[in-house]
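Working notes for the structure below.
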Amino acid sequence: MLKLITYLLQQGVATAKNICPDLAEGVIGLPMLTDAPCQSGCTACVEVCPTDAISVFNIDDANHVRLDLGACIGCGYCVDVCPTGTIKNNPTTRVAVRTREELILTTAGAAAEAANKELVTQGRTAAAKIPTADSLSKASWFGRSVAARVVSTGCSACDMELGAAGNPIFDMERFGVHIVASPRFADALIVTGPVSKGMQEALVSCYGAMSSPRVVIALGTCAISGGVHKGGYAEANGVDNILPVNVYIPGCPPHPWSIIHGILLAMGKEHLALAKKK
Amino acid sequence: MKLERQQTPFHELHDILDHALSKSSDKRVGLLTSITGGEIATLLLSPKDGTAELMVTAVENNKYSSFSTHHAQFHWFERALFDFFGIVPEGHPRFKHLLLHDQYAQDFFPLRKIDLPTDFRNALPRRYEFLEVKGEGVYELPVGPIHAGVIEPGHFRFSCFGETIVNLEIRLGWVHRGVEKRLTEVPWQKAHFVAEAAASDTALANAFAHAIAIESILDLEITERAQYLRTIALEIERLAVHIIDVGGIGTDIGLLGISSAMGRLRGKALALADLISGSRFLRGFIFPGGVRPVSERKLSEIKAGVIALKKDLTPVIQMLSDNQMATERMKDIGKLSKSLAAEFGMVGIIGKACGIDCDTRRQFQQGKYPELAPEPSIEIGGDILARTAVRVGEIWSSLKTIETLVDNCPHGEEKVTVPEMLPANATGLGIVEATRGELIHLIFTDEDGKICRYAIKDPSFDNWTAISIAIRDNLIADFPLCNKSMALSYSGNDL
Ligand code: SF4
Ligand code: SF4
């Protein structure tokens, strides 16, 4: 035991000081759209995308791209094939958002808004049954600390990255985030995975066991849209078919920094994630 | 490996299985499933010479007499066969649904392609009944599906007498997402992404097995460099999972220093994954035809990283193995005998910890294996200590193997051109030693060259029963540690 303590002391503090820094060079993040105009007639990205997250459309004879980060699994293949640099790798880890709409990017600006909205509701199965979200008028409800309950319904990589967010390097506890073992004393419900039929009832009762106000965080592409599982017989179409979602964290799985960014967003403390220059 | 579908009538199949699974034979069953619902397909593996055969047996009247009564290994395969195809294994000793829960309609069999016989009635209720242990003082303890920690969902029903577990029944299927069906729905060129999402700490092994199966159907040779890079990536994945699992043992024993150190070192293993593939989970790295390009500079950084990681791991693992308290906590707990492990067809870490040499890296073609396969890490204790020792042994051998592979990795192209179409009526098999053990992908194409059935057998599917057996007559407080020492996958099992 003494040896262990000595060893740990020798290792010093491993925790990163720079919160939510950009990804290192060569690491694949989510794609992003740039100002570079799209090549007319090109559909290279649409052809390689495994989850149909990209569509190409025409406005005034110009080719435009729409990219749904809520469906994207971040494989980076579209970045590799895009000839014009319209789609690029986005190195930021600060990717969490509060609404589903914000995950839909397009090069067409306001002209494509209506179609973007449509995409959000498309594929929702049980909209009528979703409980209304708790009112969170006080953004500071969980400003100092948040107790989070995790329900895993996916492939577990998202869970592992959430676990990593608690390790000595990322150390999310320093922001007052605690993972708790019961919904009874949880403020936040973090859901990973697409919530297929088998887990729907369990998820709803877990939410019901929490006291208001509650926030729901959809962690990972599966949780946002079903990801690669969307539209199958197991109804694995994402959390917002079942519960109201307050924060979406895209990625398959999202980087531990992105997870921390999402939780900070739920706490109203996202300013902490503004990367400081060293 | 490319397979022929050998038409085999039932009486012959019974004899073949009796013979193949007898003590004197070294063959084992890879999986049992169906293609359309009108037949059963049995995959028999010969580890000694690295070959496999596939027997296809027509099913009459939608039922056959269960194999589980003679060969315990089939007991979950047959339940899954019913769940997905509606084929009834008559006389199955514990016949109930395995993966599809009460929410599905009574006659819903998602992978069945042919009509059910008109007089067929599904007599098995969707409602799940647990085995009830009766007797004065016996009580039940239900745990899950949602667990206290950040782990996947599953339900454990303990029947206890005092502090002692008399029976444990495990109910899974909570994260059944329909992966096998989805794999037949997407264009086959994109199927590797779906295969990766089957169980993501095994993402690379799944993509690997998928690529081997597809390439065998296409008779496609990939480059030597790609073979090396695939093998390196496979060992990086193994390293990352073993490190966190050994750290998890630290958590459950109460040596939090060990687990936090291992959590940090897992980050270094993931950095190796980032280096080779740009992804911490090696996603999108392997696809049919090759791998993503890797520069020489990255390869030398990987080698430097491996040497540094070895140095960092040595003192931490030493502290765990020197710790008398930790050793005593693990010894003789959650013990599984070699004979039961063999009878139930246990694979991977659990098999190796019982003295079974079941490392498929030494048996079946996968990347640079068996040619450069490391010595297997085998223990005989069958307990938590033995399983942890197997993992530690594999950590060292993976580190060493990566170094050797990097040193010998030839220059050249990373990928070859892949044909547009798959051949008709072909069958392809991919076997990979994933972190948890033997992972099988079996692909069938139809007369149009479309994938009509895609079967995955995750090592956990064979191994879940091991927990029920090993924990019997142990204290309930020993369950978490025992469970951690097996570290099985729920999503890989549920698919
Ligand atoms: S990075 Fe996302 S959008 Fe691009 S091809 Fe991959 S899944 Fe599709
Ligand atoms: S989003 Fe990706 S990593 Fe997360 S559960 Fe789904 S498949 Fe797994």
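Bear in mind that the values in this text are calculations on the coordinates, not laboratory data. As the structure is a prediction and not an experimental result, all values here were calculated from the model. So basically every Cβ, Gly included, is an ideal-geometry build from the backbone, and we count neighbours across all protein chains shown.
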_Percent RCO, i.e. relative contact order, over chain A, from Cα pairs under 8 Å lying at least 6 residues apart_ = 23 percent
*Multiply the residue separation of B:GLU414 and B:LYS48 by 0.36 nm, subtract the distance between their alpha-carbon atoms, and state the gained length in nm to one decimal.*
128.7 nm
*For chain B, what are the DSSP H helices with axial Cα length of 20 Å or more and mean Kyte-Doolittle hydropathy of at least -1.0?*
B:203-218, B:224-253, B:256-277, B:296-322, B:384-408
*Any idea how far apart B:GLN318 and A:ALA209 come out in nm if each label point goes 7 Å out from Cα toward Cβ?*
4.5 nm
*May I ask you to list the aspartates and glutamates whose Cα is less than 17 Å away from that of B:LYS2, ignoring any residue fewer than eight positions away on the same chain?*
B:ASP49, B:GLU53, B:GLU215, B:ASP219, B:GLU221, B:ASP446, B:GLU447
*asked:* Can you tally the net charge around B:VAL56? Count Lys and Arg as +1, Asp and Glu as -1, for every other residue whose Cβ sits under 11 Å from the Cβ of B:VAL56.
replied: -2
_Quick check: net charge around B:LYS484, other residues with Cβ under 14 Å of its Cβ, Lys/Arg +1 and Asp/Glu -1?_
-1
*asked:* Which cysteines in chain A lack any other cysteine whose Cβ sits under 4.7 Å from their own Cβ?
replied: A:CYS20, A:CYS38, A:CYS42, A:CYS49, A:CYS72, A:CYS75, A:CYS82, A:CYS155, A:CYS158, A:CYS206, A:CYS222, A:CYS252
*Give me a single rounded figure for B:149-156: the average over its residues of other chain Cβ atoms within 10 Å of their Cβ.*
6
*Hey, what do the phi angles of segment B:102-107 turn into as Karplus ³J(HN,Hα) couplings, whole Hz, using 6.51/-1.76/1.60 and θ = phi - 60°, x for Gly and Pro?*
4, 6, 8, 5, 3, 9
*Order of B:ARG182, B:ARG387, A:ARG144 - criterion: other Cβ atoms within 10 Å of each residue's Cβ, fewest first*: A:ARG144, B:ARG182, B:ARG387
*Out of every Cα pair in chain B, what percent are spaced more than 44 Å from each other?*
11 percent
*Which lysines have a Cα less than 20 Å from the Cα of A:LYS230, not counting those fewer than 8 places away in the same chain?*
A:LYS117, A:LYS129, A:LYS197, B:LYS181, B:LYS190
*Across peptide A:158-170, what mean number of C-beta atoms from other chains lies inside 10 Å of a residue's C-beta?*
5
*asked:* As I understand it, the dipole of the protein assembly as shown uses +1 on the Cβ of Lys and Arg and -1 on the Cβ of Asp and Glu, about the Cα centre. Which of B:ALA240, B:ILE40, B:GLN318 lies farthest toward its positive end?
replied: B:GLN318
*asked:* Between B:ALA148 and A:SER145, how high is the FRET efficiency from 1/(1 + (r/R0)^6) when r is the Cβ-Cβ distance and R₀ = 22 Å? Nearest 0.05.
replied: 0.70
*Work out, in µm²/s and without decimals, the Stokes-Einstein translational diffusion coefficient of segment B:65-144 at 37 °C, 0.692 mPa s, Rh from Kirkwood over C-alpha pairs.*
229 µm²/s
*Taking the Cα atoms of segment A:24-76, what is the range of coordinates along each of the three principal axes, in descending order and whole Å?*
37, 22, 17
*Computed over the Cα atoms of the protein assembly as shown, what is the ratio Rg over Rh, Rh following Kirkwood?*
0.94
*In nm, to one decimal, how far is the modelled label at B:CYS452 from the one at B:GLU90, with both set 7 Å along Cα→Cβ?*
2.7 nm
_For a quick check: with amide H placed at 1.01 Å from N, whose amide H comes under 5 Å from A:VAL216's, ignoring anything fewer than 5 positions away on the same chain?_
A:LEU189, A:ASN246, A:VAL247
_Spatially proximal lysines relative to A:LYS3 (Cα-Cα < 24 Å; intrachain offsets below 8 disregarded)_ = B:LYS268, B:LYS310, B:LYS311, B:LYS331
*Please list the non-local residues whose amide H lies under 5 Å from the amide H of B:GLY37, H modeled 1.01 Å from N, same-chain partners needing a gap of 5 or more.*
B:LYS113
*Estimated [θ] at 222 nm from DSSP helical runs (n ≥ 4, -39500 (n - 2.57)) normalised by residues in chain B, nearest 500*: -13000 deg cm²/dmol
*Residues with beta-carbon under 13 Å from that of A:ASN89, excluding A:ASN89: net charge, scoring Lys, Arg +1 and Asp, Glu -1?*
-2
*Working from Cα positions, state the angle (0 to 90°, nearest 10) between the long axis of helix A:197-208 and the longest principal axis of chain A.*
50 degrees
*In nanometres, what is the gap between the two model label sites at B:GLU296 and B:ASP107, each 7 Å from Cα along Cα-to-Cβ?*
6.7 nm
_Could you tell me the extents of segment B:1-127's C-alpha atoms along the three principal axes, largest first, rounded to whole Å?_
44, 26, 25
*asked:* How long are the semi-axes of the equivalent ellipsoid of chain A, taking √(5λ) for every eigenvalue λ of the Cα gyration tensor, in whole Å from largest down?
replied: 32, 25, 17
